[in-house]
Amino acid sequence: MRSRSRRRFPLVCLHHPGFGKRSLAIEAAAQLRTRLAEYESDARSDIQTEINKILKIAARRAYRFEFAEDFTMSLHLENVEGPVPKSGGENQ
C-alpha cells in the first residue's frame, strides 16, 4: 500500500472577529470532507491494485478488477469492452 501524505490544513485564528463557533465548525467539516475523499480515493486504488495482483496470479484469464463510484465491483477481461457477465459458466 502506498503511504498516505499527512497534509496540514491551515489553522483558523480563533481570535479573529469573523470566526465564530459556527464558521469554525463549517470550516472543520469542509476540511474533514476533503480528507475523507482523499482517503477513500487512496483506499479504492489500493484495494483495486491488490485484487488485480491476486487475479494476475490466480485467474486463468486476463481479468481486471474495478470499483465503480458507488463501490460496486466488476470484472473486466483485457481488450474486451464492458464487464464480464456475472456467471460465465466457467468451472461449473
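Details
- Cα→Cβ-extended label distance, 7 Å offset, between S45 and A68, nm: 2.3
- Residue separation of R22 and A58 scaled by 0.36 nm, minus their Cα-Cα distance, works out to 7.6 nm of gained length.
- Alpha carbon Rg of region 15-75, scaled by the compact-globule rule 2.2 N^0.38 Å: 1.85
The numbers here are math on the coordinates, done by the rules we state, and not lab data. Keep in mind it's a predicted model, so treat the numbers as computed, not measured. Methodologically, a virtual Cβ is constructed for each residue, glycine included, from the backbone with ideal geometry; neighbour enumeration extends over all protein chains shown.
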